[in-house]
Amino acid sequence: MKKIVFTLSLLILGVTVGFSQKFAYVNTDYILGRVPAYDAAQKQLDKFSEEWQKEIEVKRTEIEKLYKDYQAERVLLTEEMRTKREDEIMLREKDVKDLQKKYFAPDGALYKKRQELVKPIQDDIFTAVKDLAAEGGYSIIFDVAAGPTMLFTDPKFDKSDDILKKMGIQN
């Protein structure tokens, strides 16, 4: 009987150890904040965004001037001239909206620039996380920057600095 209980205990212990999983977490905001290339990419994106926003504002100012001029001269214009000016103003407004979509829509120029500049950095981080998981035998690595889903984290399981080291960045 003792042999059966002992064997069963060893079997249960073996299965439990075999199914145990290692967990860790990283903070991608912390990591990105220490990657110089990410800071440079963000500055470039901000510059593009600012330039494109200024271009749109200039066009909006022109439209406002056209509209004010139209309002001032409206009583003096014939019906045909009024229609022509209204159509011109609406066409310019449409052009500005199209330009805004071209630059800032979900698939616009800013998104494409972001993919071009930031995605390689994110890919490097993901590769480093996969390598760390393989080397450390981690089943799951959480990202605490993605949202407040982690109620408690023990700092000894934070592998953010290890990721930076894998990427060749010392903090």
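Computed from the coordinates by the stated procedures, all read-outs in this text should not be read as laboratory data. Keep in mind that what you see is a predicted model, and the values were worked out from it rather than measured. Note: ideal-geometry Cβ built from the backbone for every residue, glycine included; neighbour counts use all protein chains shown.
The table that follows gives values for the structure above.
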{"read-out": "Using a Förster distance of 30 Å, the FRET efficiency for E80-R60 (Cβ separation, nearest 0.05)", "value": "0.65"}
{"read-out": "Additional length obtainable on full extension of the chain from A37 to Q115, 0.36 nm per residue less Cα span", "value": "26.7 nm"}
{"read-out": "Of K112/K165; K43/K119; K54/K112, pairs whose Cα-Cα distance is over 24 Å", "value": "K112/K165"}
{"read-out": "FRET efficiency estimate (nearest 0.05) - Cβ-Cβ, I140 to Q170, R0 22 angstrom", "value": "0.25"}
{"read-out": "Set of lysines with alpha-carbon distance to K59 below 22 Å, sequence-local pairs under 8 removed", "value": "K47, K68, K84, K94, K97, K101, K102"}
{"read-out": "Dipole of the range 50-166, positive direction: furthest Cα of L66, T83, L117, with charges on the beta-carbon", "value": "T83"}
{"read-out": "Separation of the D131 and Y30 label points, Cα + 7 Å toward Cβ, nm", "value": "2.0 nm"}
{"read-out": "Cα→Cβ-extended label distance, 7 Å offset, between D98 and S49, nm", "value": "2.6 nm"}
{"read-out": "Counted charge near E88, where neighbours are those whose Cβ lies closer than 12 Å (Asp, Glu -1; Lys, Arg +1)", "value": "-1"}
{"read-out": "The range 72-171: chymotrypsin sites (Phe, Trp or Tyr not before Pro) in DSSP loop, at most 12 other beta carbons within 10 Å", "value": "F152"}
{"read-out": "Charge sum, other residues only, whose C-beta stays under 14 Å from K165's C-beta, Lys/Arg counted +1 and Asp/Glu -1", "value": "-3"}
